[in-house]
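Asker: Here's a structure for you.
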Amino acid sequence: MTADTVSTKNLKSTNKEKRQSRIGEIWRRIKVNKGAVGGLLVILLLTGMAVFAPYLSPYGPNKMNAGPRLASPSLKHPLGTDSFGRDQLSRIIYGARISLYVGFIAVGIGAVFGGFIGAVVGYYGGKIDNILMRLMDVLLAVPQIILSIAIVGALGANLTNLMIAVGVSQIPRYARIVRASALSVRGQEFVEAARAIGASDLRIILENILPNCMAPIIVQSTLGVASAILSAAALSFLGLGIQPPTAEWGSMLSLGRQYMRNAPHLTFYPGLAIAIVVLALNLFGDGLRDALDPKLRQ
């Protein structure tokens, strides 16, 4: 075994230990934040509920006449039934699947495309920076929900187009966040070293710029899922998102608004589910932001 091989193995081992140490430090910071821990537990609970929905729900989400129509909460139907006699608890459990799925996919679209745009303009600067960031400013000037409505209106109302619309509306935020980080990273010595050995611009962006911008991307992604779930619910409430009879919290709110006097549980429980998941994501996102903040490191 040559000295170079031993040196490479030792370097990889050292880097691995540093990553494990860093992850442990972040987890220790999160654990002391009760709000972040509570939010994480709720997120894990909702995720488990979504994954095991067929085993947890007492009825099928679209099974009509599972009980009396507009029935109040009871032992047989803990959250009551809707105007078609469908069990509200079952529909809320299945609705968690749609909301979390839309939230994570939409954030993935925004983070991937927005992060790459931000890294490119931050690395090159100049005219590319001015052109693309002015375009991002134009998109940011339009309220997110209005932009999403416009995209869904153009593409059509279904699950795929809903995720695209919400994801595209989040691209400008990620672009600005990553651009700010890229501007501070591009002048670092390791970037200059990559240029010196002949690395291409694309390789530098993917291997040197973006990995050093991951902390703000992770924090914004956690908070962005909450925003995406709210946007998806709002679009479904307006009839531009998930279409009936699919169980989705926003469409359940839309269906229940006409029965608010006689059956307020139809709007209360879906609204409560949205509020709980958004609050949990925001609490965990705030805790994660504090844990990743270099100013708080000792």
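For every residue, the table says whether it meets (1) closer than 26 Å to Phe284 by Cα; (2) in contact with a Pro (Cβ under 7 Å, 6 or more places away or on another chain); (3) among the polar types (S, T, N, Q).
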{"site": "Phe190", "(1), (2), (3)": "no, no, no"}
{"site": "Ala196", "(1), (2), (3)": "no, no, no"}
{"site": "Leu202", "(1), (2), (3)": "no, no, no"}
{"site": "Asn208", "(1), (2), (3)": "no, no, yes"}
{"site": "Ile217", "(1), (2), (3)": "yes, no, no"}
{"site": "Gln220", "(1), (2), (3)": "yes, no, yes"}
{"site": "Pro245", "(1), (2), (3)": "no, no, no"}
{"site": "Ser251", "(1), (2), (3)": "no, yes, yes"}
{"site": "Arg257", "(1), (2), (3)": "no, no, no"}
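Asker: Shifting gears a bit: Within the set of pairs 6+ apart or on separate chains, which have a first residue in segment 92-109 that is of a type in the set (Lys, Arg), a second that is in a helix (DSSP H, G or I) and surrounded by fewer than 24 Cβ atoms within 10 Å (Cβ to Cβ), and C-beta atoms under 9 Å apart?
Answerer: Final answer for the pair search is Arg97/Met49; Arg97/Ala50; Arg97/Val51; Arg97/Ala53.
Asker: Residue check: is Tyr59 part of a helix (DSSP H, G or I) and among the aromatic types (Phe, Trp, Tyr)?
Answerer: Working: part of a helix (DSSP H, G or I): no; among the aromatic types (Phe, Trp, Tyr): yes.
In short, no.
Asker: Among all residue pairs at least 6 apart or on different chains, which show Cβ distances below 7 Å where the first residue, located in segment 243-266, is among the β-branched types (Val, Ile, Thr) and the second is assigned to a helix (DSSP H, G or I)?
Answerer: Cβ pairs passing all conditions: Thr246/Ile98.
Asker: Filter segment 236-267 for residues that are part of a loop (DSSP other than H, G, I, E, B) and of a type in the set (Val, Ile, Thr); which is farthest from Pro78 (Cα to Cα)?
Answerer: It comes out as Ile242.
Asker: Right, next: Conditions first: (1) more than 30 Å from Ala53 (Cα to Cα); (2) out of contact with any Pro (no Cβ under 8 Å at 6 or more places or on another chain); (3) not basic (Lys, Arg). Leu140 passes all but one, so which condition is the exception?
Answerer: Only one criterion in (1) more than 30 Å from Ala53 (Cα to Cα); (2) out of contact with any Pro (no Cβ under 8 Å at 6 or more places or on another chain); (3) not basic (Lys, Arg) is unmet by Leu140, namely (2).
Asker: Which residue, of Gly103, Gly118, Gly114, is within 18 Å of Leu235 (Cα to Cα), part of a helix (DSSP H, G or I) and under 19 Å from the mean Cα position of the chain (by Cα)? Steps first, please.
Answerer: On the way: Gly118 fails: within 18 Å of Leu235 (Cα to Cα); Gly114 fails: within 18 Å of Leu235 (Cα to Cα).
Being within 18 Å of Leu235 (Cα to Cα), part of a helix (DSSP H, G or I) and under 19 Å from the mean Cα position of the chain (by Cα) holds for just one of Gly103, Gly118, Gly114, which is Gly103.
Asker: Is there any pair with a first residue in segment 34-46 that is within 24 Å of Ile93 (Cβ to Cβ) and a second that is aromatic (Phe, Trp, Tyr) and assigned to a helix (DSSP H, G or I) whose Cβ atoms are under 8 Å apart and which are 6 or more apart or on different chains, and what are they?
Answerer: The qualifying pairs are Gly39/Phe284; Leu40/Phe284; Ile43/Phe284.
Asker: Only one residue in Ala175, Ala194 is of a type in the set (Gly, Ala, Ser), farther than 30 Å from Asp87 by Cβ, in a helix (DSSP H, G or I) and under 25 Å from the mean Cα position of the chain (by Cα). Which one?
Answerer: Being of a type in the set (Gly, Ala, Ser), farther than 30 Å from Asp87 by Cβ, in a helix (DSSP H, G or I) and under 25 Å from the mean Cα position of the chain (by Cα) holds for just one of Ala175, Ala194, which is Ala175.
Asker: Separate question: Could you give me the residue pairs with C-beta distances under 8 Å whose first residue belongs to segment 197-223 and is farther than 18 Å from Gly122 by Cα and small (Gly, Ala, Ser), whose second residue is in a helix (DSSP H, G or I) and modelled with pLDDT of 85 or more wherever it lies, and which are 6+ apart or on separate chains?
Answerer: Correct list of pairs: Ser221/Val107; Ser221/Ala111.
The values are calculated or read from the model by the stated rules, or taken from the named source; none is laboratory data. Quantities reported herein were computed from a predicted structural model and do not represent experimental measurements. So basically every Cβ, Gly included, is an ideal-geometry build from the backbone, and we count neighbours across all protein chains shown.
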